[in-house]
There are 2 protein chains.
Amino acid sequence: MFKSAVFNLKDAGKDQVQEFLNSFDTVLCDCDGVLWIDNNAIPGSADTMNYFRKIGKQIFFVTNNSTKIRGDFAIKAQQLGFIANEDEILSTSYLVAHYLKSIGFKKKVYIIGSNGIGDELKAVGIRHIGIGPDHVKPDFKSMKSTDLDPEVGAVVVGFDEHISYPKFMKAASYLASDECLFLATNTDERFPKSSSIIVPGTGTLVRAVETCSERKALVLGKPNEYVRKFLESRGLDPARTLMIGDRCNTDIEFGVRCGFQTLLVLTGVTSTKGVEKIRNEKIAPLPDVILPKLGDLLTLVES
Amino acid sequence: MFKSAVFNLKDAGKDQVQEFLNSFDTVLCDCDGVLWIDNNAIPGSADTMNYFRKIGKQIFFVTNNSTKIRGDFAIKAQQLGFIANEDEILSTSYLVAHYLKSIGFKKKVYIIGSNGIGDELKAVGIRHIGIGPDHVKPDFKSMKSTDLDPEVGAVVVGFDEHISYPKFMKAASYLASDECLFLATNTDERFPKSSSIIVPGTGTLVRAVETCSERKALVLGKPNEYVRKFLESRGLDPARTLMIGDRCNTDIEFGVRCGFQTLLVLTGVTSTKGVEKIRNEKIAPLPDVILPKLGDLLTLVES
């Protein structure tokens, strides 16, 4: 029933809502645009997530945001009314640290990114350099091979508001060695548009480093399937998993690739009009189920 | 003879050399890696270019470099022994200015790039903003729509050592309007490798802006065919034109796309080994004719 076409759960009868709730054991939920926007909770989202927990669902918060450590995400969720603990947060900065630790990485990481990545690496005992401003002094031509740290064995690209030409130079120069690993947190082109200012996403920086290094990054965030592999090693059953998100080209694409059931809410990036565009132009997968907002699910249960 | 396979002109007899020289009326020549490297002339290149001129060939210097105005390129060429005048220099900064003037562009240009572009625009009476450092103060979140100039009607991306996150934000925000033009000087991934430091090329910045703007730039430099269109309107006959370069994926690709005869010299990016790799992996077109260095041509003529 839920796999063949986009089903608006608002049109469902009580039995269908119950059938839907019985069809999964694990909920993976995107955060920004589904649970909150900036620092404001989306009405009903916290009650719905807490309800999932109450009826025995396992919950994970899956975010491409690399600027915070898991503990800070958990605190933010709690402050906005969500029951959440650190182990349930799967942020890309944590995934980077976990990945490098899992392969026994012992060298240093050159980070284009912020403290979210640095602190998660530190937490697993991996050294790093690169965070913060690095401008051209006196100009880029003065960079010498002695400005490169021979201990660097990986380049990680995440969101970095201090991006600069020397950072691109260093990343490309480290990556000239085939032995240097190349990871990226995510490839989101831009943040949700909230004004006439477009806020470039991490994908902008990843594509730049891929160009000058002439290499492709291993991307750990959605829509790449790393999170599924991570959770499968902990017993996840993809056939009994629901992915909730607000973007068809990251969240729903991720869910489809992983074999999860997918629920799109319209409180973030993808709008009703966007769904029609995707249906017509086939530029991203469609979700199985749609709801105006996550909180509507609880209303349906309680009605 | 010269179109079917890579012919090493060093193996040619005197008649074949003469046949080659008679097969074109116009010479388009890349600069860096063919005529000079940094500020050092490649031995024999100036004498050969001056010989072309002496026997009546029309000459153009075609460079993807956007950091200088044509007059400065001409002065550099003259200082290194080349007869050259400003009208023969086809640099990407000039092409950008010429293109905008030719379409009657009256608004302002937001430049990610350097004075080469700014001064060429000024020379044709087009206003511009954006050159120089633009860092995050106090941070990128503080950017407001009032930081955007409503008169901007085009974004031009060239080489910019002062690239920063606010520059990406502004470029993407201007490009959110479909009416805003999007031009790029070139898409070279990186500069020729001269040390363990990799120097990212303009393509690195173009790919970044294309990502956050979700648009494709109109690229005026090689291997795009804009230069051919520009010269055809001045009477160029592609069938009687020779393109000389040191890079198969820009110069030779450009020549092949334009229907020119192509000569690769091995004093720059593409090496003998590179030619074999291209032959095996078909990652770029092969030239019609090859020579170790441009100066060898004059030696063959005089031998």
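The values are calculated or read from the model by the stated rules, or taken from the named source; none is laboratory data. Nothing here was measured: the structure is a model prediction, and the numbers come from that model. Because the Cβ atoms are built from the backbone with ideal geometry, glycine has one as well, and the counts that use them run over all protein chains shown. In case anyone asks, the SASA skips ligands and DNA or RNA and just uses the protein heavy atoms, side chains included. Shrake-Rupley method; radii C 1.70, N 1.55, O 1.52, S 1.80 Å.
The table below lists the values:
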| item | result |
| --- | --- |
| Count of residues meeting criterion [within 18 Å of B:E88 (Cβ to Cβ) and touching a residue at least 12 places away in the same chain (Cβ under 8 Å)] in region B:1-55 | 23 |
| Within region B:146-184, considering residues that are free of Cβ contacts under 8 Å to residues at least 12 places away in the same chain and polar (S, T, N, Q), the one farthest from B:A208 (Cα to Cα) | B:T146 |
| Members of region B:106-136 that are in a helix (DSSP H, G or I), over 25 Å from A:D134 (Cα atoms) and open to solvent by 30 Å² or more (accessible area, probe 1.4 Å) | B:D119, B:K122, B:A123 |
| Region A:56-93, residues that are open to solvent by less than 30 Å² (accessible area, probe 1.4 Å) and without any contact (Cβ under 8 Å) to a residue 12 or more places away in the chain | none |
| Only listed residue being at pLDDT 95 or above and of a type in the set (V, I, T), chosen from B:V301, B:V265, B:V269, B:V275 | B:V265 |
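Okay, residues lined up against (1) closer than 15 Å to B:R127 by Cβ; (2) part of a loop (DSSP other than H, G, I, E, B); (3) open to solvent by 30 Å² or more (accessible area, probe 1.4 Å); (4) at the interface with another protein chain (Cβ under 7 Å from one of its Cβ atoms):
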| residue | (1), (2), (3), (4) |
| --- | --- |
| B:K141 | no, no, yes, no |
| B:T146 | no, no, yes, no |
| B:P150 | yes, yes, yes, no |
| B:V156 | yes, no, no, no |
| B:F159 | no, yes, no, no |
| B:I163 | no, yes, no, yes |
| B:F168 | no, no, no, yes |
| B:S173 | no, no, no, yes |
